[in-house]
Amino acid sequence: MVLISPETPAEESAVESVHAAAFPTDDEAKLVAALRQTDAFVPSLSLVARDGDDVVGHVLCTRVSLEADPSVRALTLAPVGVLPDEQGQGIGSSLVQTALDTAADEGFDLVFLHGDPDFYSQFGFHPAGIRGFENPFETPPEVFMVAVVGENAGEGGALSYPAPFDDI
Ligand SMILES: CC(C)(COP(=O)(O)OP(=O)(O)OC[C@H]1O[C@@H](n2cnc3c(N)ncnc32)[C@H](O)[C@@H]1OP(=O)(O)O)[C@@H](O)C(=O)NCCC(=O)NCCS
């Protein structure tokens, strides 16, 4: 049975190994390691999926800021990864849903991400451009999405991401 809870310090390298295996390059593993060193890191939103003692998946949400309204508490969900042999069993979905539930419980308002609309729309993500948010990256508009998890949804505008995203 797979259980999800915040990563422990002892699991940091295993978390990075999951992303190195899930993605074609080690960019996401390096991103996680770099984001842990920033003020944007929220320990309770670095969530590990465990099968026994084995780390089989991980999702990270880090803080982003709305330049027009710093009172809005916003996050970006990136990355999420599951070991290739463990994919297709609902682990990724559980990680995303637990991240959203935790974000809501902790008083965050918005969760942004860049990803496949077919996968993420089931969790309430929808195109962020429709709400007036400016895509900070050169990705197609439909992959830039947001889920509203709190009361203060903001009125759009530019977003400021943690510096390690500049290297992706
Ligand atoms: C994306 C990922 C985290 C999903 O984890 P998972 O445990 O396989 O997900 P689940 O079992 O909960 O859900 C699987 C469903 O999502 C779909 N899916 C999986 N990866 C997807 C992707 N990248 N884009 C769109 N749909 C995807 C599958 O087709 C499957 O759909 P089905 O249930 O209708 O058959 C995992 O496939 C992964 O690590 N992929 C490589 C890294 C990656 O691409 N991360 C996301 C970047 S946006």
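Any residue at all in the range 9-16 that's surrounded by 14 or more Cβ atoms within 10 Å (Cβ to Cβ), farther than 18 Å from residue 164 by Cβ and either at pLDDT 95 or above or in contact with a Lys or Arg (Cβ under 6 Å, 6 or more places away or on another chain) (or both)?
Among the residues of the range 9-16, at least one is surrounded by 14 or more Cβ atoms within 10 Å (Cβ to Cβ), farther than 18 Å from residue 164 by Cβ and either at pLDDT 95 or above or in contact with a Lys or Arg (Cβ under 6 Å, 6 or more places away or on another chain) (or both), which makes the answer yes.
What residue, of 117, 141, is within 11 Å of the ligand (Cβ to nearest atom), more than 22 Å from residue 63 (Cβ to Cβ) and free of Cβ contacts under 8 Å to residues at least 40 places away in the same chain?
117
Taking the stated definitions as given, is residue 116 more than 22 Å from residue 153 (Cβ to Cβ), modelled with pLDDT under 95 and of a type outside the set (Lys, Arg)?
So residue 116 fails the test.
Matching residues to (1) within 14 Å of the ligand (Cβ to nearest atom); (2) without any contact (Cβ under 8 Å) to a residue 12 or more places away in the chain; (3) within 13 Å of the chain's Cα centre (by Cα):
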| site | (1), (2), (3) |
| --- | --- |
| 84 | yes, no, no |
| 92 | yes, no, yes |
| 110 | no, no, yes |
| 113 | yes, no, yes |
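Inspect the range 56-63 for any residue being within 16 Å of the ligand (Cβ to nearest atom) and over 12 Å from the mean Cα position of the chain (by Cα) and give the result as yes or no.
Yes, the range 56-63 contains at least one residue that is within 16 Å of the ligand (Cβ to nearest atom) and over 12 Å from the mean Cα position of the chain (by Cα).
For residue 45, state whether it is more than 12 Å from the ligand (Cβ to nearest atom), free of Cβ contacts under 8 Å to residues at least 60 places away in the same chain, under 11 Å from the mean Cα position of the chain (by Cα) and buried (at least 20 other Cβ atoms within 10 Å of the Cβ).
no
Just a yes or no: is a residue in the range 130-141 surrounded by 12 or more Cβ atoms within 10 Å (Cβ to Cβ) and part of a helix (DSSP H, G or I)?
Yes, the range 130-141 contains at least one residue that is surrounded by 12 or more Cβ atoms within 10 Å (Cβ to Cβ) and part of a helix (DSSP H, G or I).
For residue 166, all conditions in the list (1) assigned to a loop (DSSP other than H, G, I, E, B); (2) over 15 Å from the mean Cα position of the chain (by Cα); (3) within 22 Å of residue 39 (Cβ to Cβ) hold save one; what is the number of the exception?
Every condition holds for residue 166 apart from (1).
Output yes when any residue across the range 44-58 is within 17 Å of residue 162 (Cα to Cα) and touching a helix residue (DSSP H, G or I) at 6+ places or on another chain (Cβ under 9 Å), and no when none is.
yes
Restricting to the range 97-108, and then to whatever is part of a helix (DSSP H, G or I) and without any contact (Cβ under 8 Å) to a residue 60 or more places away in the chain, can you tell me which residue is farthest from residue 44 (Cα to Cα)?
In this case the residue turns out to be 97.
From (1) surrounded by 14 or more Cβ atoms within 10 Å (Cβ to Cβ); (2) modelled with pLDDT under 95, pick out the condition that doesn't hold for residue 70.
(1)
Counting just the residues of the range 127-164 that are of a type in the set (Val, Ile, Thr) and within 17 Å of residue 109 (Cβ to Cβ), which one comes out modelled with the lowest pLDDT?
130
The values are calculated or read from the model by the stated rules, or taken from the named source; none is laboratory data. Since the structure is predicted, the reported quantities are computational estimates derived from the model, not experimental observations. Cβ atoms come from the backbone with ideal geometry, glycine included; neighbour counts cover every protein chain shown.
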